[in-house]
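All remarks here apply to the structure that follows.
The values are calculated or read from the model by the stated rules, or taken from the named source; none is laboratory data. The model shown is predicted, which means the values in this text are computed figures rather than measured ones. All Cβ positions, glycine included, derive from the backbone under ideal geometry; neighbour counts span all protein chains shown.
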Amino acid sequence: MRSHFPAVTNLSRAPEEKREAVTRAFAPGGIGNLGPGLDILGCAVTGLGDTVEARFVDAPGVHLERSGHADLPSDPFRNAATIAANEVIRRLGDSRAGVALRLTKGLPLAGGQGGSAASAVAGAVATNALLGGRLGQLDVLAAAYAAERTLSGRHIDNVAPSLFGGILLIRSTEPFDCDRLPVPPSLRIVLVHPAMQLRTAEARAVLPRSVDLGVALAQAGAVAAMVAALCTGDLSRLRGAVDDRIAEPARAPLLPGFAAAKRAALEAGALGCSISGAGPSSFALTDGDQTARAVCDAMTAAYHDAGITASGRVAEVDQRGARLLEADR
Ligand code: HSE
């Protein structure tokens, strides 16, 4: 295992500490499929995220006391947070543990901002901490990934950044291996959420099963160019590199307003723009706050002109990833 991410120290209590009666974890949303990096480049984004509170109950198993939203499953075997928590308990071999979860959604549902991944990560982190923090970070990741795999498919480019923070290049999903890429300080992220939903499974169903050699080579070149731009810190080299020729052409027809928003972003000075995760949100990358605000305004206006309500925000890469919060007593 050659993953180059820093050890995460904020996810567990020291084993000798008394077991907490209640734990709370926050996991940030993010952008999976960052530009051309379909399933292999993802980043965590500051601001919105999901929160899970875990507490002991007498009845063994994982119970879902609050599903996070009326439209989210209350069945613990279908909700991301509880699927992940079940996997934590399975990995600990703690079959007598009784844990109840309350999920608070900060991220939009089926919004393309890593919402299901964040619920899974927060569920895994809160449950692991409740049970003494005995699982290491790769097992916590595997537990969250089990939920994402069950609900959306075999990709970890949203779960891993939500847990570890940063911009991650996924070298391998199973077994997991990644590199953490440098984040130039002036890099800003514009995330725009049009008022619609697109389920990841649906957006994955339209992906091509095979691609032309020319497309494959252009995509590989674009990923390499993004990595080079981030590693050299020369953000101007991102121009032209956020060029997804596989997922974006397949998914854009499902996303009214996206093409106009992308044009508006580039005209307003964005370094690049594409679909966030599986959509429907779109993102743009900029150098600095001022351009980011102009790009955000231009993108939301373009959606509105296309008859679609949209809300945008300017954010940064969340370098911290998931963290434990003080529990409400
Ligand atoms: N890599 C995934 C996709 C992210 O683009 O389908 C979904 O959250």
Members of the stretch 174-205 found to be within 16 Å of the ligand (Cβ to nearest atom) and surrounded by fewer than 14 Cβ atoms within 10 Å (Cβ to Cβ), listed by number:
E174, A201, A205
Elements of type strands (runs of 3 or more DSSP E) in the stretch 18-95, at least 1 residues being modelled with pLDDT of 95 or more and under 23 Å from Q197 (Cα atoms):
22-31, 41-56
Only residues in the stretch 98-112 that are more than 16 Å from the ligand (Cβ to nearest atom) count as the first member; pair them with residues that are among the basic types (K, R) and modelled with pLDDT under 95, Cβ under 6 angstrom, at least 6 apart or cross-chain, and list the lot.
R102/R66; L103/R66
Could you check the stretch 128-142 and list, in sequence order, the residues that are closer than 20 Å to L325 by Cα and out of contact with any Ser or Thr (no Cβ under 6 Å at 6 or more places or on another chain)?
N128, L131, G132, R134, L135, G136, Q137, V140, L141
Looking only at residues in the stretch 113-129 that are within 15 Å of the ligand (Cβ to nearest atom) and assigned to a helix (DSSP H, G or I), which one is farthest from E202 (Cα to Cα)?
V121
Verdict on V211 being in a helix (DSSP H, G or I) and in contact (Cβ under 8 Å) with a residue 24 or more places away in the chain:
no
Inter-residue pairs, beta-carbon under 6 Å, first aromatic (F, W, Y) and in the stretch 148-172, second more than 10 Å from the ligand (Cβ to nearest atom), 6+ apart
F164/F5; F164/G321
In this structure, is T9 at pLDDT 95 or above and either under 22 Å from the mean Cα position of the chain (by Cα) or surrounded by 15 or more Cβ atoms within 10 Å (Cβ to Cβ) (or both)?
no
